[in-house]
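I have placed the structure first, in the form of structure tokens, so that the comments after it can refer back to it.
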Amino acid sequence: MPPQTQAEEATIVASGIAAFNSEMEQGSGGKEADGGRDSAFTMKSLLWHGGSAWDAWFSCSSNQVAQVLLTLPYSFSQLGMLSGVILQLFYGIMGSWTAYLISVLYVEYRTRKEKENVSFSNHVIQWYEVLDGLLGRYWKAAGLAFNCTFLLFGSVIQLIACASNIYYINDRLDKRTWTYIFGACCATTVFIPSFHNYRLWSFLGLGMTTYTAWYLTIAAVVHGQAEGVAHSGPTKLVLYFTGATNILYTFGGHAVTVEIMHAMWRPQKFKYIYLLATLYVFTLTLPSAAAVYWAFGDQLLTHSNAFSLLPRSGWRDAAVILMLIHQFITFGFACTPLYFVWEKVIGVHDTRSICLRALARLPVVIPIWFLAIIFPFFGPINSAVGALLVSFTVYIIPALAHMLTYRTPSARQNAAEKPPFFLPSWAAMYAVNAFVVGWVLVVGFGIGGWASMTNFIRQVDTFGLFAKCYQCPKPQPHPAPAPQQHH
């Protein structure tokens, strides 16, 4: 495929949907280039084998906003309405920028390797391999450590969210017991080979999240403001920066960007897909968080899951069930790169046997299950992961890696991807990257880390590790029977 020009980049951004349709029309050619497969329509290709720009968009949108949708009203109660809206927009754009950087570095790495006649026909490229190929083994170690730890806790958070949500439909079992049950259910994701095979799941997942977001918005507006509602946020620095790091976490879902790109027939098309996904996600996160915060205000400070304050109804139960299914899908998204790493460690990544790979992947699920039982703090754990892991994994490391990869004139001259049309200067790119590194290091990791860990430790002190039912309402004592009157 001939390399895209700057003019083509402008066309993709100006008319993203048109580019998607073009990709779909050219899909059969991409399949043939990818592996010489028959391009005839089959039900299997429709539901199972994805690789178009639309598939990537659904994967990015679906993966970016899952259980965090339910904690954003909680973050608004910590930040206040204005800061909540501004920070969503700010971190959404910043996240899209670093996802773009990751896509550029992937294309650079793959272009260099293909010039060396390296074949990736049965190998999934991952972020730490990109860092290794471009910057050396120390960067590989850093990328591997941060990425794997983030994805590990990202999977933990999905498991915690499953237990937290199902409790609002069936409280006969405590949240810890539900965690045991959903841990077993989520372990079935070991049978999904790669991101190619999430076509149907990504489509369904985004539909489920869209329903839930608009349910939250409409239900909160119909409910109206609670009696005596107060909107006092922000009140404390600890709470303010805890809420800010949860939003940092929300738009830091691109730890799986490289794997999604590699699943595409034409990875060069990915560059602006994450931005388009983020713009759609804004239509879900901003109205729902604002409406629920408007309705319940400061009550959200002690209710990190938005479902807990909305009245029980068939609509709410449907939203809970759909979110459960979506969290299962997102668990698979977060775990699949971990599966790939583990397969490469034990030497089974190249095998074509799905059953052998599934069996080899099972040990990855066990620590996730265990950590979800130790730290069941739905909401506060998002902020801690955002500050300590997301800040480096998807903001600082990609920006630094881009600056170092193109630090020499020859690297810039021979770059597989030139600066984008909206920022055509290398100096301007360096300035933006330096700002991202500085901001996230100081505000996200530094202040945000202090605030989120302070709040997290407070949860441990209040509820303890292995909490049986985090933030569950205390059972009401049964009224004593009235004394019988003797006449």
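The values are calculated or read from the model by the stated rules, or taken from the named source; none is laboratory data. It should be emphasised that the depicted structure is a prediction, and the values quoted were computed from it without experimental measurement. Methodologically, a virtual Cβ is constructed for each residue, glycine included, from the backbone with ideal geometry; neighbour enumeration extends over all protein chains shown. Accessible surface is based on the protein model in full, side chains and every heavy atom, while ligands, DNA and RNA are left aside. Shrake-Rupley method; radii C 1.70, N 1.55, O 1.52, S 1.80 Å.
For segment 227-353, the solvent-accessible area works out to 32 Å² per residue, with a probe of 1.4 Å and every protein chain left in place. Rounded to the nearest whole Hz, the Karplus-based 3J(HN,Hα) values (6.51 cos²θ - 1.76 cosθ + 1.60, θ = phi - 60°) of segment 175-188 follow the sequence 5, 5, 5, 5, 5, 4, 5, 6, x, 5, 5, 5, 5, 5, with x at glycine and proline.
Between E114 and A415, the C-beta separation translates, for a Förster distance of 22 Å, into a calculated FRET efficiency of about 0.90.
Couplings 3J(HN,Hα) of segment 56-69, computed from phi: 5, 5, 4, 5, 5, 5, 5, 6, 6, 10, 10, 4, 4, 4 Hz, in residue order, whole Hz [Karplus 6.51 cos²θ - 1.76 cosθ + 1.60, θ = phi - 60°; x for Gly and Pro]. By a 1.4 Å probe calculation restricted to protein chains, W439 has an accessible surface near 90 Å², given to the nearest 10.
Shown for segment 51-463: the carbon plus sulfur share of the solvent-accessible area, taken with all protein chains present and a 1.4 angstrom probe, equals 68%. For the cross-link pairs K140/K175; K113/K271; K344/K418; K175/K236; K175/K344, the ones whose C-alpha atoms lie over 27 Å apart are K140/K175; K344/K418; K175/K236; K175/K344. Across segment 260-270, coupling constants 3J(HN,Hα) worked out from phi with the 6.51/-1.76/1.60 Karplus curve, θ = phi - 60°, read 5, 4, 5, 7, 7, 5, 9, x, 4, 6, 6 Hz, and Gly and Pro carry x.
Magnitude of the charge dipole for segment 51-463, about its Cα centre and with charges confined to Cβ atoms of Lys, Arg (+1) and Asp, Glu (-1), is about 660 debye.
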